[in-house]
1. Might you check whether a residue that is closer than 23 Å to Gln20 by Cα, at pLDDT 85 or above and surrounded by fewer than 16 Cβ atoms within 10 Å (Cβ to Cβ) occurs anywhere in segment 145-158?
2. So how many residues does segment 131-180 have that are of a type outside the set (A, V, I, L, M) and touching a Leu at 6+ places or on another chain (Cβ under 6 Å)?
3. If I filter segment 159-193 down to residues being more than 13 Å from the chain's Cα centre (by Cα) and of a type in the set (Lys, Arg), which single residue comes out as modelled with the highest pLDDT?
4. Looking at segment 39-61 only, could you name the residues that are under 19 Å from Pro115 (Cβ atoms) and either part of a helix (DSSP H, G or I) or free of Cβ contacts under 8 Å to residues at least 60 places away in the same chain (or both)?
5. Could we say that Arg107 is at pLDDT below 80 and loosely packed, with under 13 Cβ neighbours inside 10 Å here?
6. Quick check, is Trp130 in contact with a His (Cβ under 9 Å, 6 or more places away or on another chain) and either crowded, with 16+ Cβ neighbours inside 10 Å or more than 23 Å from Ser93 (Cβ to Cβ) (or both)?
7. Got a number for residues in segment 23-49 being more than 12 Å from Thr162 (Cβ to Cβ), modelled with pLDDT of 85 or more and of a type outside the set (Val, Ile, Thr)?
8. Which of the following residues is free of Cβ contacts under 8 Å to residues at least 12 places away in the same chain, of a type outside the set (A, V, I, L, M, F, W, C) and within 24 Å of Tyr182 (Cβ to Cβ): Ser64, Ser23, Ser79?
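The values are calculated or read from the model by the stated rules, or taken from the named source; none is laboratory data. Predicted model, so just to flag it, every value in this text is computed and none were measured. FYI the Cβ positions are ideal-geometry reconstructions off the backbone, even for glycines, and counts take in every protein chain you see.
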Amino acid sequence: MLEIFGVVASLLYIYLEIKQRSSMWVVGFVSSLAYVIVFYNSGLYALSTLYVYYTAISVYGMYSWRFSQNASNGELPVSRINLRLAALLALISVALWAGIGYILENRIEEATTLPYCEALVTALSIVATWMLARKILEHWLVWIFVNLFSSVLYFYNELYPTAGLFIVYGILSIVGWYKWRYEIRDKNEEIRVKNEEVENQKSKIKNRKSKIENTRHISLQDSHFG
């Protein structure tokens with residue numbers, strides 16, 4: 001029953017994410033608490049811990065989207081990742097994957113079923129959720145892989161409703177990628193049009209001033225010869 005609740009709440013969460021509604025973080029907080037219990041009872045300890053992280057970052061995400069320095073009128077704009085940050089996040093992902101995988105395989109008394117598969121999902125999800133909290137477009141690409149890979153992992157662990165959920169997640173992540181990307185394109189086009197209007201206005205003012213100066217010059221010449 002708790003898993004079904006988590007499925008429904010999570011679907012609402014990703015819908016709100018695609019629509020860029022900050023209320024998604026409240027829904028994410030509640031659904032994450034539910035999955036902490038679901039995954040722990042299924043022996044997926046890294047994923048259970050991951051959802052503790054999701055619960056905490058939901059608070060940070062709400063603050064970042066509504067009140068960070070980059071937020072304008074209570075809304076954080078979508079941004080693109082740069083090469084330096086992408087390389088840094090890739091290194092962090094590999095380090096987390098290796099570290100979590102080692103812990104799951106060697107340091108957990110009751111061994112997890114697929115330690116390095118679970119570690120991969122955990123590591124990439126940590127990074128993708130941070131990217132989401134910063135509203136970075138490319139977080140969707142990470143989620144597309146994570147969600148589809150996770151569906152296989154959950155099916156293997158007989159979490160069939162959750163496996164189905166993550167297939168839907170994968171599809172919705174593709175939708176989210178295109179929707180956010182088109183929004184950036186539209187906003188860039190809007191900025192370009194506004195800049196052109198400003199430049200045209202400046203050009204008109206400059207031409208008007210030039211005409212006024214020419215008129216004054218001609219008047220002075222006429223006055224001198226008169």
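1. At the first step, the residues of segment 145-158 found to be closer than 23 Å to Gln20 by Cα are 145-148.
Then drop every residue that is not at pLDDT 85 or above, which leaves 145-148.
Applying the additional criterion that residues be surrounded by fewer than 16 Cβ atoms within 10 Å (Cβ to Cβ) yields 145.
Yes.
2. Pass one, segment 131-180, residues of a type outside the set (A, V, I, L, M): 134-135, 138-140, 143, 145, 147, 149-151, 154-158, 160-162, 164, 166, 169-170, 173, 176-180.
Among the residues that remain, those that are also touching a Leu at 6+ places or on another chain (Cβ under 6 Å) are: 135, 139, 170, 180.
Counting residues in segment 131-180 that are of a type outside the set (A, V, I, L, M) and touching a Leu at 6+ places or on another chain (Cβ under 6 Å) gives 4.
3. Step by step, filter segment 159-193, then rank; the result is Arg185.
4. Going residue by residue through segment 39-61, those that are under 19 Å from Pro115 (Cβ atoms) are 39-53.
Hits for segment 39-61 are Phe39, Tyr40, Asn41, Tyr45, Ala46, Leu47, Ser48, Thr49, Leu50, Tyr51, Val52, Tyr53.
5. yes
6. Yes, satisfied.
7. Here the count works out to 7.
8. Values: Ser64 fails: free of Cβ contacts under 8 Å to residues at least 12 places away in the same chain; Ser79 fails: free of Cβ contacts under 8 Å to residues at least 12 places away in the same chain.
The match here is Ser23.
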